[in-house]
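Here the structure is laid out as structure tokens; the discussion comes afterwards.
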Amino acid sequence: MENLVLELKEEIIKVLNLEDITPADIDENAALFGEGLGLDSIDALELIVLMEKDYGIKLHDPSEGKEIFRSIKVLADYIAENRKK
């Protein structure tokens with residue numbers, strides 16, 4: 001699971017062009033949106049594309065995203081349980 005958490009941190013930094021942030025800077029339990037990492041709705045779309053492209057996971061209900069994208073840890077748990085790739 002630690003490898004998946006690190007992989008997600010690295011992918012989020014790359015996909016969202018978070019140039020001044022390293023994986024060590026991201027608390028896996030901190031909020032991704034609002035306070036915490038401070039992502040916005042455009043970033044959420046990028047995360048949805050990342051999940052589909054890298055892990056074969058499609059979100060069918062947009063309200064699922066709010067729960068899944070709560071933190072890196074929650075996202076990693078969801079991917080570990082649902083990944084197709």
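The values are calculated or read from the model by the stated rules, or taken from the named source; none is laboratory data. What you see is a predicted model, and the numbers here were worked out from it, not measured in a lab. All Cβ positions, glycine included, derive from the backbone under ideal geometry; neighbour counts span all protein chains shown.
Could you tell me which of the residues Leu37, Leu18, Leu50 is among the hydrophobic types (A, V, I, L, M, F, W, C) and under 18 Å from Glu81 (Cβ atoms)? Before you say what the answer is, go through the steps one by one.
Values: Leu37 fails: under 18 Å from Glu81 (Cβ atoms); Leu18 fails: under 18 Å from Glu81 (Cβ atoms).
Answer to the selection: Leu50.
Being outside any helix (DSSP H, G or I), more than 11 Å from Phe69 (Cβ to Cβ) and of a type in the set (A, V, I, L, M) is true for just one of Ala30, Ala24. Which residue is that?
Exactly one of Ala30, Ala24 is outside any helix (DSSP H, G or I), more than 11 Å from Phe69 (Cβ to Cβ) and of a type in the set (A, V, I, L, M), namely Ala30.
Do you know which residues across the range 28-39 are at pLDDT below 95 and not hydrophobic (A, V, I, L, M, F, W, C)?
The answer is Gly34, Glu35, Gly36, Gly38.
Here are some conditions: (1) touching a Gly at 6+ places or on another chain (Cβ under 9 Å); (2) at pLDDT below 95. Ile42 meets all but one. Which one does it not meet?
Of the numbered conditions (1) touching a Gly at 6+ places or on another chain (Cβ under 9 Å); (2) at pLDDT below 95, the odd one out for Ile42 is (1).
Kindly evaluate Glu64 against the criterion of being acidic (Asp, Glu), on the phi < 0 side of the Ramachandran plot and not in a loop (DSSP other than H, G, I, E, B).
yes
Which residue pairs have Cβ atoms closer than 8 Å, lie 6 or more positions apart in sequence or on different chains, and pair a first residue in the range 53-64 that is among the aromatic types (Phe, Trp, Tyr) with a second residue that is in a helix (DSSP H, G or I)?
Tyr55/Ile79; Tyr55/Asn82
The rows are residues; the columns are (1) among the small types (Gly, Ala, Ser); (2) in contact with a Leu (Cβ under 6 Å, 6 or more places away or on another chain); (3) crowded, with 18+ Cβ neighbours inside 10 Å.
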| position | (1), (2), (3) |
| --- | --- |
| Leu4 | no, no, no |
| Asn17 | no, no, no |
| Ile26 | no, no, yes |
| Ala31 | yes, no, no |
| Asp54 | no, no, no |
| Asn82 | no, no, no |
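Each row is one residue, and each column tells you yes or no for (1) charged (D, E, K, R); (2) within 11 Å of the chain's Cα centre (by Cα); (3) farther than 15 Å from Leu16 by Cα; (4) in a loop (DSSP other than H, G, I, E, B).
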position: Glu35; (1), (2), (3), (4): yes, no, yes, yes
position: Leu45; (1), (2), (3), (4): no, yes, no, no
position: Met51; (1), (2), (3), (4): no, yes, no, no
position: Asp77; (1), (2), (3), (4): yes, yes, yes, no
position: Lys84; (1), (2), (3), (4): yes, no, yes, yes
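In this structure, does Asn17 turn out to be polar (S, T, N, Q) and in a helix (DSSP H, G or I)?
Taking the combined requirement at face value, the residue does not satisfy it.
Taking the range 64-85, which residues are within 14 Å of Val5 (Cβ to Cβ) and polar (S, T, N, Q)?
Matches in the range 64-85: Ser71 only.
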